[in-house]
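Okay, so here's the structure we're looking at.
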Amino acid sequence: MGKIVSVQRYLVETQKALPDATGALTGLLWDLTIAFKLIASSVNRAGLENILGYEGEKNPTGDDVTKLDRFSQDTIVRMMEHGGHLCCMASEEEGKIIPIPRRYERGKYVLSFDPLDGSSNIDANVSVGTIFSIHHRRTAEGTDGTLDDVLQRGRDLVAAGYVIYGSSTMLVLSSGTRVDGFTLDPQLGEFLLSHPDIRIPQRGTIYSTNEGYEAYWDERTRKYIAWVKSREAGPYKARYIGSMIADVHRTLLYGGIFLYPKMFQRSGRGEAKLRLLYEAAPMAYIVEKAGGIATTGEEAILDIVPEELHQRVPVITGSPHCVNEYLAFYRGERA
Ligand code: AHG
Ligand code: MN
Ligand code: MN
């Protein structure tokens, strides 16, 4: 039987391996795991809201009582703003960057996050998750963080990961060298290392995309999907949950390909859905560190320099063999 390793122990050991580590990143990640446990416990009680009577109520100032995605957002902010590790935050739920209140210290990192990905699925008991990523700040230490600190390439991330609140709660994390997965023991309230050194399978036979939008896709993507369904070696299996976090997590473990291409229904330019900073870049970071590929079709997602907080990009990610097959179609080398 192997070792039992808690996430706390893992973070300390990882820090020891880095000669210039000060413990700030370790502290930041540790604080995050507490926020994730709070969100997990709330997500697990989601269906009880009606019986327990805290859904649909108004607070004293007349606002609706927070929904789970608002709760997740607030939990992360309240957990992270006073730790002294961050100079600002950015969230899918906020239009602007989230400053650190004056009364707290400003740190050297920036946190970007999607507090609850796939939240429209929650009433059907489908997996949802939190996605996060951490950059070093670029502006002077001790000052307020700015947009410049947030708008950085995925390639320059210090760490990223996600937590999936599924049949069990799992944290998947990379701080640059490898990808490790931790499962929450609900009785202990501890994340334990359950999936050390995750490597994505080189190839797979599952494709995952919202095929209902096929009519909006570019011709080459349509041809690729037609091909996966008519391959001589047998068709790929279709799996689409509609929570990116769950669809990419499955792709990471079982192999295959996840696609959310541009859609051309409104403007000739085509519009993507998934957000670069909060969804695409952190998931791309995990997939690449696990040996996979994440691309827009034109370029690696990690190479895109964000121009705005809520920029959206196409996402094609998964096993290297499968994504390269897609790229051959996308580049017109196959038809
Ligand atoms: P969010 O719940 O954070 O707004 O994100 C939902 C995203 C993503 O999780 C998923 O892959 C995608 O929306 C599903 O989109 P479609 O419903 O268009 O397939
Ligand atoms: Mn999302
Ligand atoms: Mn979200």
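The values are calculated or read from the model by the stated rules, or taken from the named source; none is laboratory data. If you're wondering where the values come from, they're calculated on a predicted model, not measured in any experiment. In this analysis, Cβ positions are derived from the backbone assuming ideal geometry, glycine residues included, and neighbour counts consider all displayed protein chains.
Please work out which residue is farthest from Q202 (Cα to Cα), limiting yourself to the stretch 308-335 and to residues that are assigned to a strand (DSSP E or B) and in contact with a Leu (Cβ under 7 Å, 6 or more places away or on another chain).
As a first pass, look at the stretch 308-335 and keep what is assigned to a strand (DSSP E or B): 312, 315-318.
With in contact with a Leu (Cβ under 7 Å, 6 or more places away or on another chain) added as a condition, the list becomes 312, 315-316.
Working: R312: 27, V315: 18, I316: 15 Å.
Selected residue: R312.
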Quiz item: So E308 fits all but one of (1) in contact with a Lys or Arg (Cβ under 8 Å, 6 or more places away or on another chain); (2) among the acidic types (D, E); (3) farther than 22 Å from T177 by Cα; what number is the exception?
Solution: (1)
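Can you tell me which residue within the stretch 152-165, out of those that are away from ligand 1 (no atom under 13 Å from the Cβ) and closer than 27 Å to L68 by Cα, is surrounded by the most Cβ atoms within 10 Å (Cβ to Cβ)? Steps first, please.
Step one: list which residues in the stretch 152-165 are away from ligand 1 (no atom under 13 Å from the Cβ), which gives 152-161, 163.
Narrowing the set further to residues that are closer than 27 Å to L68 by Cα leaves 159-161, 163.
Numbers: A159: 21, A160: 26, G161: 26, V163: 28.
Step by step, filter the stretch 152-165, then rank; the result is V163.
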Practice problem: Kindly provide the set of residues from the stretch 173-224 that are surrounded by fewer than 21 Cβ atoms within 10 Å (Cβ to Cβ) and aliphatic (A, V, I, L, M), ordered by number. | Solution: L188, L192, L193, I198, A215
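Take the conditions outside any helix (DSSP H, G or I), within 15 Å of ligand 2 (Cβ to nearest atom), outside the structural domain of G118 (by TED's automatic domain parsing) and under 14 Å from R153 (Cα atoms) and apply them to L277. Does it pass? Step through it out loud before you land on a result.
Values: outside any helix (DSSP H, G or I): no; within 15 Å of ligand 2 (Cβ to nearest atom): yes; outside the structural domain of G118 (by TED's automatic domain parsing): yes; under 14 Å from R153 (Cα atoms): yes.
So L277 does not fit the description; no.
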Self-check item: Pair list, Cβ < 6 Å and 6+ apart or interchain, from the stretch 135-150 residues that are surrounded by 14 or more Cβ atoms within 10 Å (Cβ to Cβ) to residues that are basic (K, R)
Solution: R137/K108; G145/R137; D149/R137; D149/R138
Exercise. Run S208 past the list (1) more than 30 Å from S72 (Cβ to Cβ); (2) among the small types (G, A, S); (3) in contact with a Lys or Arg (Cβ under 7 Å, 6 or more places away or on another chain) and report the number of the one that doesn't hold.
Key: (1)
Practice problem: Determine whether G142 is more than 16 Å from ligand 1 (Cβ to nearest atom) and within 27 Å of T177 (Cα to Cα). | Solution: no
Quiz prompt | Options G291, G297, G256: the member that is buried (at least 23 other Cβ atoms within 10 Å of the Cβ) and of a type outside the set (V, I, T) | solution = G256
Quiz prompt | Out of A233, A246, A226, sole residue that is of a type in the set (A, V, I, L, M, F, W, C), assigned to a helix (DSSP H, G or I), on the phi < 0 side of the Ramachandran plot and free of Cβ contacts under 8 Å to residues at least 40 places away in the same chain | solution = A226
Quiz item: Do you know which residues across the stretch 98-140 are within 16 Å of ligand 3 (Cβ to nearest atom), of a type outside the set (S, T, N, Q) and either assigned to a strand (DSSP E or B) or outside the structural domain of T75 (by TED's automatic domain parsing) (or both)?
Solution: I98, L111, F113, D114, P115, L116, D117, V128, G129, I131, F132
Practice problem: Evaluate the stretch 132-147: report whether one residue or more is at pLDDT 95 or above and within 16 Å of ligand 2 (Cβ to nearest atom). | Solution: yes
Quiz item: Which of (1) more than 16 Å from ligand 2 (Cβ to nearest atom); (2) modelled with pLDDT of 95 or more; (3) closer than 30 Å to Q8 by Cα; (4) under 20 Å from the mean Cα position of the chain (by Cα) does Y207 not meet, given it meets every other one?
Solution: (3)
Quiz item: Would a scan of the stretch 264-273 turn up a residue that is more than 30 Å from K96 (Cβ to Cβ) and either more than 16 Å from ligand 1 (Cβ to nearest atom) or assigned to a helix (DSSP H, G or I) (or both)?
Solution: yes
Practice problem: Determine whether the stretch 239-253 contains at least one residue that is buried (at least 21 other Cβ atoms within 10 Å of the Cβ), among the acidic types (D, E), within 22 Å of D156 (Cα to Cα) and within 16 Å of ligand 2 (Cβ to nearest atom). | Solution: no
